[in-house]
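Asker: Attaching a single structure in structure tokens format; questions to follow.
The values are calculated or read from the model by the stated rules, or taken from the named source; none is laboratory data. This is a predicted model, so every value here is computed, not measured. Backbone-built Cβ (ideal geometry, glycine too); neighbour counts: all protein chains shown.
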Amino acid sequence: MTGSRVPEEMLLAYATGALNEPLSLVVASHMALNPQSRAEVEGYETVGGALLEQLEPKALADGALERTLSLIDLIPDEDRTAVGQICAPVKPQPVDGLALPSVLRDYIGPDIEALAWKPVLRGVEEADLTMGSEGARTRLMRIAPGAGAPRHTHGGLEVTLVLDGAYRDVSGRYGRGDVQVADDALEHAPVAEADGLCLCLVVSDAPIRLTGFFGRLFNPFIRH
Ligand code: ZN
């Protein structure tokens, strides 16, 4: 179902390095779970690389390549191993039992329970991730089986990647690896499926606006 993949323009923007950090994290995590999108990005990168080669045929002029190679030659074999060991990132093994993309693990660490989870509604919790991008909010959202968000629309863009479990809304079903891109044209009330927790990565650039009964009560208090 194409509607559950990252839109083509967003994949292309990712391949060219034009996406901000939060959306890059969504796309990279999505690619780890969706081979079709991964192949598409690799295709863009190959084309981009070929174009660069045409544009910069003399990129390694002035003996730059030879100088680099000679530096490598200067490092004795035993030290080379040591350098490799120092540079290799030491990644703690996950302890929460979740099979998450490693690019996302780098942000959240080995134990998802160690994040600052806050209850937002009955059965819905969220934990903010710190990102170096102004204006966008990045968070993990965890929805209990059968629970859901109140009916709302969006003041801007809301991009949701399902990491575990699944949810449904008026537009369909979203399972592990699926992405939903929502904006002010969509009004929905996502509900997690009954057979398990639904864990999502959500990036938004504006607050949601509640549209049902809860909207009249709570809209002034929604923070972005
Ligand atoms: Zn929404």
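Asker: Quickly run through the range 119-150 and pick out the residues that are within 25 Å of E193 (Cβ to Cβ) and modelled with pLDDT under 90.
Answerer: L121, A149, P150
Asker: Next up: Considering only the range 190-204, state which residues are crowded, with 19+ Cβ neighbours inside 10 Å and either outside any strand (DSSP E or B) or free of Cβ contacts under 8 Å to residues at least 12 places away in the same chain (or both).
Answerer: Scanning the range 190-204 gives a single hit, P190.
Asker: Any chance the range 181-192 includes a residue that's at pLDDT 95 or above and away from the ligand (no atom under 11 Å from the Cβ)?
Answerer: Yes - at least one qualifying residue is present in the range 181-192.
Asker: Considering only the range 106-120, I want to know if a residue exists there that is farther than 19 Å from R5 by Cα, in a strand (DSSP E or B) and touching a residue at least 40 places away in the same chain (Cβ under 8 Å).
Answerer: Checked the range 106-120: no residue is farther than 19 Å from R5 by Cα, in a strand (DSSP E or B) and touching a residue at least 40 places away in the same chain (Cβ under 8 Å).
Asker: I'm checking my understanding of the structure. Among residues of the range 137-173 that are among the hydroxyl-bearing types (S, T, Y) and within 11 Å of the ligand (Cβ to nearest atom), which one is nearest to C200 (Cα to Cα)?
Answerer: T160
Asker: Same structure again: For the range 8-33, which residues satisfy the criterion of being among the charged types (D, E, K, R) and in contact with a strand residue (DSSP E or B) (Cβ under 9 Å, 6 or more places away or on another chain)?
Answerer: The answer is E21, and nothing else.
Asker: Okay, next question. Within the range 206-219, can one find any residue that is in contact with a Gly (Cβ under 8 Å, 6 or more places away or on another chain), at pLDDT 90 or above and either away from the ligand (no atom under 14 Å from the Cβ) or not in a strand (DSSP E or B) (or both)?
Answerer: No, because not a single residue in the range 206-219 is in contact with a Gly (Cβ under 8 Å, 6 or more places away or on another chain), at pLDDT 90 or above and either away from the ligand (no atom under 14 Å from the Cβ) or not in a strand (DSSP E or B) (or both).
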